[in-house]
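Structure record follows, encoded as structure tokens.
The values are calculated or read from the model by the stated rules, or taken from the named source; none is laboratory data. Values in this document were obtained by computation on a predicted structure and should not be read as measured data. Here Cβ is always computed from backbone atoms with ideal geometry, including for glycine, and neighbour counts include all displayed protein chains.
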Amino acid sequence: MRHVSLILRFISYLACLMACFSSLVYADSLAVDMAFLTEKMPHPPALSNLDPVLSDAGVQGAILATKDNNTTGMFTGHHYELKRVDVPFGEGVVSEFERLVADGYQYVVADVQTASLKKLSAIAKANNILLFNVSSTDGELRNESCSLNTFHIIPSDEMKADALAQLMLKKRWKKWFLVKGADQEDRRFTKAIKRSAARFGMKLVEEKTWNFDHDARRTAQAEIPVFTQGADYDVLLVADVKGLFGEYLTMNTWRPRPVIGTQGLVPRAWHRTHERWGAVQMQNRFYKQAGRWMNDIDYSSWLAVRAIGEAVTRTNSVKVEEVKKFMLSDQFSLAGFKGVKLTFRQWNQQLRQPILLAMPRATVSVLPHKEFLHPRTYLDTLGYDEPESTCRL
Amino acid sequence: MNKYVVILLMFFSTLSVADTLYITLEKDNALAVVDGETGKLLKTVPLGQRPRGIAFSKDQTHLYVAASDDDTIQILDATTLKVVGHLPSGDDPELFKIHPNGLWLYVSNEDDNKVTVIDLQKKIAIAEIAVGVEPEGIAIAQDGQWVVNTSETTNMVHWIDPQDQLVKDNTLVDPRPRAAEFSVDGQWLFVSSEIAGSLSRIDVSNKQVSAKLHFKIAGVDDELIQPVGVLAHPNNELLFVALGPANRVAVVDIKTMTVKKYLLVGQRVWNLAFSPDMKRLYTTNGVSNDISIIDVDKLKVTKSVRVGHYPWGIAVKDESGESSSASSLRLEPSKP
């Protein structure tokens, strides 16, 4: 059993701060123990060497949020600790989770693959543990495989695809040329894209699978113009989740058309170009701590730990039942630097949130626009709405 | 005939008190100077990067401007509008207020979870106060006994005692508290919560929330109602609350905590300031790049003036010698 177990303690940090505030510390202090479980995914072959391989995605967001919670905690007498557990891909993620459960952890933030999350959800439900999904975007987890004690913080593929489709509808760029990769994740994203296309009246005029297996760096100029010939279209939609070829489509297409999807204009929960609604402060704090920019998993992990903190602060309780009840209630609202309050969908426990559509150097738009009407909240125009979801919790 | 016109003009010029507005333009790195009465943009003066909070010194000889991205507060000569010095504000200064003693300036440092207290005479930081995550609004009671700071991510109001510059109490409020404002009689503190869309009224004597108002506007999504700037009328009856992307200013009756009226202004209304004679209310509208002018007696929007990109803070100078500002408005309650 090879695993890295690192306990991150904020006691010294807290003690120093508390010394200044000793007169303020409430007599009845509460301890909140949280765990961050990472299943180390195998790295895809890099198309480009521009992006460093991250060993701390997600957990950095959780660490920052734990600090934030503890700053609040010094005024309320609440104390948060985060235990970090890394498990190699495919090895004993379940047994490691069971160990956390046995050690009494009731709040677990999970950055694991979809198949693992399904197994953890069942254990969480049986043991009354709250599990926070911060990385799996699979729609299945929000539908037939939803689970009572699992909260989804990261937006689903369907929420992201709907954001793209909404902007395309607004631009009237309704004819799509779809280029998809061949692996399982690409098929899943393609499914979400097709669902959104049908939902918002987009037309797929061409659909092609990219299965060239040579190095795109050498052949992009020759191959892609030929590959993208065919019916006329408004935008080229690419489904290449791992980033094996998508970056080379822009400026190499036969027709002069923009590229959107997993490359080009991309839907994101967070992006380094996002700076509205106080996001600059968040970007700075994160960069100062991690030495790199925040990504979707970091942001989702930050939100997960902040959601726990918010519920504990308001209920003044660490009991799972009370925290969960509060999170799903009307009183719960989380500030996530996106200009609106973030709340949970009661039917599948997905966090409602706007999606950023970004280019490498600019945030193009934040969706949904308020013109997309909904009887409950315009945020529910993204992803599986209550009547569409097959999840009933 | 002409003689009468001249006399008439002279009559008006002595009756109405002229005022000049100084508005920071966050994206232009500049200061817009506007005549309050006519709404005319007089000139634009360059400032440091990302200027936000703005206020006059107590004697009105200087203007302080928080240049957030330069990590400093610039000191401007109020007549020449030239930069004559800097204050050690700490990182990313945004909102600040000046204590009624005219000596201490309180500024929130969003990135460092601190409030810095600056001695305006010696131009040095005399205290750094640890507060919650992302400190934002500052309010100071007119009698100078309390300074409060709101922290956006911790969702609290921190009560600072200026005697020893220590936090003495904390009040939990709704998510993302922004501006705070004491009632003119010092009995209440009002705090806007941007994400919750609410206004809390806190009893200063026990530091507890005594009443809460959730804003509702027909035809406007709840998510878009984001209260930010708050300004108390000296009559101790009305409170004006800027509602951000709801593009409205709410006129609140502070006793009943109900909305008397919503006034439609420019887009993403942010900060507020009165004219010295209390006839006009000015609003900075971040997205529509203008200011709105409101007739305070009639509660009607009379004008909007284009001033530049992302107007943020506003300070008002009474050309007869008095001054007020969004950041440091200190007026006496009107006599009954």
### Query
Just checking, how many residues over the stretch A:310-325 are within 22 Å of the chain's Cα centre (by Cα) and away from chain B (no Cβ under 13 Å)?
2
### Query
Applying the selection to the stretch B:215-259, what residues are under 20 Å from B:Q187 (Cβ atoms), assigned to a strand (DSSP E or B) and either within 14 Å of another protein chain (Cβ to nearest Cβ) or of a type outside the set (A, V, I, L, M) (or both)?
B:F240, B:D253, B:T258
### Query
Does A:N284 qualify as being within 12 Å of another protein chain (Cβ to nearest Cβ), under 24 Å from B:G132 (Cα atoms), surrounded by fewer than 21 Cβ atoms within 10 Å (Cβ to Cβ) and touching a strand residue (DSSP E or B) at 6+ places or on another chain (Cβ under 8 Å)?
no
### Task
Output the residues belonging to the stretch A:353-367 that are within 14 Å of another protein chain (Cβ to nearest Cβ) and buried (at least 22 other Cβ atoms within 10 Å of the Cβ).
A:Q353, A:P354, A:L367
### Task
Could you look through the stretch A:350-393, keep only residues that are charged (D, E, K, R) and touching a Leu at 6+ places or on another chain (Cβ under 7 Å), and pick out the one that is nearest to A:K160 (Cα to Cα)?
A:R352
### Query
Wholly within the stretch A:1-105, which helices (runs of 4 or more DSSP H) include no fewer than the required count, namely at least 2 residues that are outside the structural domain of A:D296 (by TED's automatic domain parsing) and modelled with pLDDT under 90?
A:11-20
### Task
Please work out which one of (1) in a helix (DSSP H, G or I); (2) out of contact with any Phe, Trp or Tyr (no Cβ under 7 Å at 6 or more places or on another chain); (3) of a type outside the set (A, V, I, L, M) is the condition A:F326 fails and give its number.
(2)
### Task
Could you tell me whether the stretch A:310-324 includes any residue that is on the phi > 0 side of the Ramachandran plot and not assigned by TED's automatic domain parsing to the domain that holds A:K171?
yes
#### Entry: Subset of the stretch A:231-251 [part of a strand (DSSP E or B) and either within 22 Å of A:H43 (Cα to Cα) or among the hydroxyl-bearing types (S, T, Y) (or both)]
A:V238, A:A239
### Query
Does the stretch A:359-374 include one or more residues that are modelled with pLDDT under 95, of a type in the set (S, T, Y) and not assigned by TED's automatic domain parsing to the domain that holds A:K83?
no
### Message
Please return the ranges of strands (runs of 3 or more DSSP E) entirely within the stretch B:56-141 where 2 or more residues are within 14 Å of another protein chain (Cβ to nearest Cβ).
### Response
B:93-98, B:104-109, B:114-119, B:124-130, B:135-140
### Subset of the stretch A:249-272 [of a type in the set (A, V, I, L, M) and either surrounded by fewer than 19 Cβ atoms within 10 Å (Cβ to Cβ) or modelled with pLDDT of 95 or more (or both)]
A:M251, A:V259, A:I260, A:L265, A:V266, A:A269
#### Entry: For A:K288: the one exception among (1) without any contact (Cβ under 8 Å) to a residue 60 or more places away in the chain; (2) more than 30 Å from A:L50 (Cα to Cα)
(2)
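Regarding B:V173, is this residue surrounded by 22 or more Cβ atoms within 10 Å (Cβ to Cβ), within 10 Å of chain A (Cβ to nearest Cβ), over 15 Å from the mean Cα position of the chain (by Cα) and hydrophobic (A, V, I, L, M, F, W, C)?
no
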